[in-house]
Structures are given as C-alpha cells and as structure tokens.
1. Filter region 129-138 down to the residues that are closer than 12 Å to VAL161 by Cα and surrounded by 15 or more Cβ atoms within 10 Å (Cβ to Cβ), then identify the one that is nearest to the ligand (Cβ to nearest atom).
2. Among the numbered criteria (1) out of contact with any Gly (no Cβ under 7 Å at 6 or more places or on another chain); (2) more than 7 Å from the ligand (Cβ to nearest atom), which single criterion is violated by ALA126?
3. Across region 160-175, which residue is farthest from THR116 (Cα to Cα) among those that are loosely packed, with under 12 Cβ neighbours inside 10 Å and modelled with pLDDT of 95 or more?
4. Could you run through region 67-84 and say how many residues are in contact (Cβ under 8 Å) with a residue 40 or more places away in the chain, surrounded by fewer than 22 Cβ atoms within 10 Å (Cβ to Cβ) and under 16 Å from the mean Cα position of the chain (by Cα)?
5. Could you tell me which numbered condition GLY34 fails, if it satisfies all but one of (1) more than 16 Å from the chain's Cα centre (by Cα); (2) among the small types (Gly, Ala, Ser); (3) under 26 Å from PRO93 (Cα atoms)?
6. Mind checking which helices (runs of 4 or more DSSP H) fall wholly inside region 1-95 and carry at least 2 residues that are touching a strand residue (DSSP E or B) at 6+ places or on another chain (Cβ under 8 Å) and more than 20 Å from ASP122 (Cα to Cα)?
Amino acid sequence: MEHLLLDAAGVAAGPRGAAGFAEAAHRILGALVGGGAALGWVDPPSRAEVDALVAHVLAAAAAGDAALRVAVADGRTAGFGYWLRYTRPTHRPHADLEKVAVDGAHQGRGLGRLLTAALVEDARQAGIEVLTLDARGDNTRALDLYRSLGFREYGRLPDFVAVGADRYDKVLYLNDLRAAG
Ligand SMILES: CC(C)(COP(=O)(O)OP(=O)(O)OC[C@H]1O[C@@H](n2cnc3c(N)ncnc32)[C@H](O)[C@@H]1OP(=O)(O)O)[C@@H](O)C(=O)NCCC(=O)NCCS
C-alpha cells in the first residue's frame, strides 16, 4: 500500500482542496458511524455538518490552534484525525484530540497509528502541554492504540455515552507532553 500523510496546509493546497477532503471525510464518517463506530454521532453526520467541521478545523489550523492529518492510500483519502486547542482562556496551553477515523477497508494496516503519532508530534511541536481525548469505553482497539502512544486514563464517566437504550463509559485520557520532555 502506497501512502502519504498530509497536514492541513497540504490538504488546502492539494488538487481537490478543502472541498475534496470534506467529501472524503463525509464518506468515511458516514460509513463508520452507520456501522456503529464510536465517533460521537448516533446517526451519520450530514454533508453540511462535515463541511462546517472541516472549515472550522482548517481555519483553526491556519491560526495555530489545530492540527489536521490526512492519510492518503493508493491515491485515495483513507483516514484522518485532528486536535483543536481548547478555547477556554485558562485552558489555552492544551488541546483535545477530537477524532481519528480510518476507512473500514484500510483499517488494521497501521494508518491509525501513523495518524495519531503524527498528531501527538504536531502537538509537541506546537508547544501543547496536555493533549486530551475521550473515547467510548468499549472501543478497546482505539484505547490500546492511544495508551501505546503515551496516553493514560485520568477519569471515567460511567454509563455516560447514550446510543439508543445502550449506555457506555466515557473514558478520559491525557498525554502530558511536558512530562515526556
Ligand atoms: C481506531 C482506528 C482509528 C484505528 O485505526 P487503524 O488504522 O485500524 O489502526 P492501526 O492499523 O494503526 O492499528 C492500531 C492498533 O489497533 C490494533 N488493531 C489493528 N488491527 C486490528 C484488528 N483487526 N483487530 C483488533 N485490533 C487491531 C492493534 O493493537 C494495533 O496496534 P499495533 O500497531 O501495535 O499492531 C480505526 O479502527 C477506526 O477508525 N475506528 C473507528 C473510529 C474510531 O473508533 N475512532 C476512534 C474514536 S476515539
């Protein structure tokens, strides 16, 4: 598998630009959420919602308040992830890794690890002090991956994530980049 990793500037400058990426992100998120993936949606997000999210992340990245990483495999967008700096004035040194998503057909080939490791390194380079994330408690594959990249659990909201009648723990992770030196 031929792959490359783009950052936000690379996406914006690419042949299909932000709109092309938004279309791919909508496709990937729609399929994953439709299949029950724990990405924060119960129903697949609309194209307008994904367009707005992509525009927000790209604008924040241009302002130094976000990082976006996009994996392109065999010429096609195969996955992406991003973090956003916290907006609360007292939390500005920190950022939240909001989403990492790899297209089902490309999972298990190392792209999720590549994306997440790059986003952690981006955070380090940007001087982010603490990178947080939250995940659904049953998403052991993602949680294992995050722990292997330096995250640790700092809290848990029991039976907090509601999907229909089902309830799952919301697991809170942090990666203290100050400690990592
Ligand atoms: C979580 C996710 C991003 C991982 O992406 P991926 O490209 O499949 O992950 P990788 O191939 O880099 O593998 C990462 C780890 O996952 C585990 N893993 C990979 N393939 C697996 C499989 N088929 N079965 C079980 N575990 C597997 C391994 O522990 C692997 O670690 P390793 O690198 O030491 O082998 C991806 O599964 C995904 O998009 N899931 C749906 C959305 C989601 O849950 N996102 C996270 C929200 S918090």
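The values are calculated or read from the model by the stated rules, or taken from the named source; none is laboratory data. Because the structure is a prediction, the values reported are computed rather than measured. All Cβ positions, glycine included, derive from the backbone under ideal geometry; neighbour counts span all protein chains shown.
1. So, considering only residues that are closer than 12 Å to VAL161 by Cα and surrounded by 15 or more Cβ atoms within 10 Å (Cβ to Cβ), the one nearest to the ligand (Cβ to nearest atom) is ALA135.
2. Going through (1) out of contact with any Gly (no Cβ under 7 Å at 6 or more places or on another chain); (2) more than 7 Å from the ligand (Cβ to nearest atom) one by one, ALA126 breaks only (1).
3. Top of the filtered list is ALA165.
4. Here the count works out to 1.
5. (3) is the only condition that GLY34 fails.
6. Filter on region 1-95 gives 17-34.
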